[in-house]
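Undergrad: Right, I'll just put the structure down here and ask away after.
The values are calculated or read from the model by the stated rules, or taken from the named source; none is laboratory data. Since this is a predicted model, take the numbers as computed values, not measurements. Here Cβ is always computed from backbone atoms with ideal geometry, including for glycine, and neighbour counts include all displayed protein chains.
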Amino acid sequence: MTLRTTLKSAITAMLMLGAAGLASQAARADAIDDITKAGTINVGIFSDFPPFSSASADMSIKGYDIDVAQAIADSLKVKLNLVSVTGQNRIPYLTDKRVDFLMSVGYSKERAEVIDFAAAYAPYYIAVIGPAALAVKGKEDLADKSIAVNRGTLEDTSLTEAAPASADIRRFDNYNSVIQAFISGQTQLMVVGNDVGAQVLAKQDALQPEQKFQLLTSPSHIGLNKNEDRLKQAINDAVAKMLADGKLDESSKAWLKTPLNPDNLKD
């Protein structure tokens with residue numbers, strides 16, 4: 001009986017320690033308290049990713065992502081601290097809690113095994129861009145058209161799948177060459193992501209370029225650590241408010257040079 005009682009007590013103690021450990025882990029996973037206590041939220045951004053984030057004339061970082069990050073910070077009543085990250089280190093920065101969340105994260109099943117995703121907040125899509133005077137409304141209108149695209153990219157793959165056999169697809173080795181081919185009139189159209197396209201739409205008044213139609217949509221999310229339900233809800237609430245009051249549309253017009261289409265926020 002003594003041995004049985006001892007074993008029972010030991011098992012009970014182990015279960016209590018396990019429960020305490022889980023409770024402690026859950027407490028640590030909730031970032032809201034830490035953010036509120038610090039009075040600062042650390043947000044991982046690409047520092048040279050126009051029009052989503054890049055240095056402005058006064059050397060401060062501005063862009064679509066910054067508008068959204070600032071709105072989230074404001075909703076939590078804390079200071080926004082931008083942390084420059086790269087494609088290689090940003091997930092480790094998040095999991096090591098050097099940042100509280102990441103901007104401009106595309107959803108994938110592989111990433112979802114490591115981190116969590118808030119609702120989509122930014123449109124990312126591949127678009128066919130051409131001058132306003134050229135009538136192009138859909139894939140069939142690409143027939144017999146010359147089209148510039150960056151070789152070996154997702155844009156190239158999407159265009160190759162969509163274009164009729166008579167389309168004249170001209171592949172270049174970088175985006176600058178694609179843009180120059182289109183601007184100089186070497187091609188009638190170009191196919192790029194809306195981040196690259198926004199720069200052309202903003203600067204080529206004489207050509208009057210416009211987005212004709214989209215080939216692929218893959219919106220950007222805000223990435224955060226798993227089990228941070230309160231932070232995730234706060235992010236989602238802030239983005240929903242920006243959608244409802246038109247602030248997200250304003251940012252889209254300012255930075256992406258096109259009104260926000262809510263359908264582009266659907267995976």
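Undergrad: Scan the range 182-199 for residues that are part of a helix (DSSP H, G or I) and surrounded by fewer than 20 Cβ atoms within 10 Å (Cβ to Cβ) and jot them down.
TA: Of everything in the range 182-199, those that are part of a helix (DSSP H, G or I) and surrounded by fewer than 20 Cβ atoms within 10 Å (Cβ to Cβ) turn out to be 183, 199.
For every residue, the table says whether it meets (1) farther than 20 Å from residue 74 by Cβ; (2) surrounded by fewer than 14 Cβ atoms within 10 Å (Cβ to Cβ).
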site: 216; (1), (2): yes, no
site: 232; (1), (2): no, no
site: 235; (1), (2): no, no
site: 238; (1), (2): no, no
site: 246; (1), (2): no, yes
site: 250; (1), (2): no, no
site: 255; (1), (2): no, no
site: 264; (1), (2): yes, no
site: 267; (1), (2): yes, yes
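Undergrad: Check off (1) small (Gly, Ala, Ser); (2) in contact with a Ser or Thr (Cβ under 9 Å, 6 or more places away or on another chain); (3) closer than 21 Å to residue 125 by Cβ; (4) exposed (fewer than 14 other Cβ atoms within 10 Å of the Cβ) for residue 167 and give me the number that stays unchecked.
TA: (4)
Undergrad: Next up: What are the residue pairs meeting all of these: first residue in the range 169-188, first residue basic (Lys, Arg), second residue in a loop (DSSP other than H, G, I, E, B), Cβ atoms under 6 Å, and 6 or more apart or on different chains?
TA: Close Cβ pairs satisfying both conditions: 170/187; 171/151.
Undergrad: If you scan the range 45-91, which residues turn out to be more than 17 Å from the chain's Cα centre (by Cα) and at pLDDT 95 or above?
TA: Once the filter is applied, which keeps residues that are more than 17 Å from the chain's Cα centre (by Cα) and at pLDDT 95 or above, the range 45-91 yields 73, 74, 75, 76, 77, 78, 79, 80, 81.
Undergrad: Step by step: first the residues of the range 102-121, then only those that are at pLDDT 95 or above and not in a loop (DSSP other than H, G, I, E, B), then the one that is farthest from the chain's Cα centre (by Cα). Which residue is that?
TA: 116
Undergrad: What single numbered condition from (1) over 26 Å from the mean Cα position of the chain (by Cα); (2) at pLDDT 95 or above fails to hold for residue 159?
TA: Among (1) over 26 Å from the mean Cα position of the chain (by Cα); (2) at pLDDT 95 or above, the lone unmet condition for residue 159 is (1).
Undergrad: Another question, if that's okay. Being among the hydroxyl-bearing types (Ser, Thr, Tyr) and assigned to a strand (DSSP E or B) is the filter here, so list the residues in the range 200-223 that pass it.
TA: Matches in the range 200-223: 217, 220.
Here's the yes/no breakdown for (1) of a type outside the set (D, E, K, R); (2) under 25 Å from residue 150 (Cβ atoms); (3) surrounded by fewer than 20 Cβ atoms within 10 Å (Cβ to Cβ):
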{"site": "47", "(1), (2), (3)": "yes, yes, yes"}
{"site": "59", "(1), (2), (3)": "yes, no, yes"}
{"site": "127", "(1), (2), (3)": "yes, yes, no"}
{"site": "131", "(1), (2), (3)": "yes, yes, yes"}
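Undergrad: Right, something else. Residue 226: among the basic types (Lys, Arg), buried (at least 17 other Cβ atoms within 10 Å of the Cβ) and not in a helix (DSSP H, G or I), yes or no?
TA: So residue 226 fails the test.
Undergrad: Within the range 170-216, which residues are among the hydroxyl-bearing types (Ser, Thr, Tyr) and either modelled with pLDDT under 90 or in the same structural domain as residue 253 (by TED's automatic domain parsing) (or both)?
TA: Listed by number, the list holds a single entry, 175.
Undergrad: Still on this structure, please answer the following. Assess whether residue 155 counts as being of a type in the set (Asp, Glu) and surrounded by fewer than 18 Cβ atoms within 10 Å (Cβ to Cβ).
TA: When the stated conditions are applied, residue 155 does not pass them.
Undergrad: Can you pull out every residue in the range 85-108 that is surrounded by 13 or more Cβ atoms within 10 Å (Cβ to Cβ) and either free of Cβ contacts under 8 Å to residues at least 40 places away in the same chain or hydrophobic (A, V, I, L, M, F, W, C) (or both)?
TA: The answer is 85, 89, 91, 94, 99, 101, 102, 103, 105.
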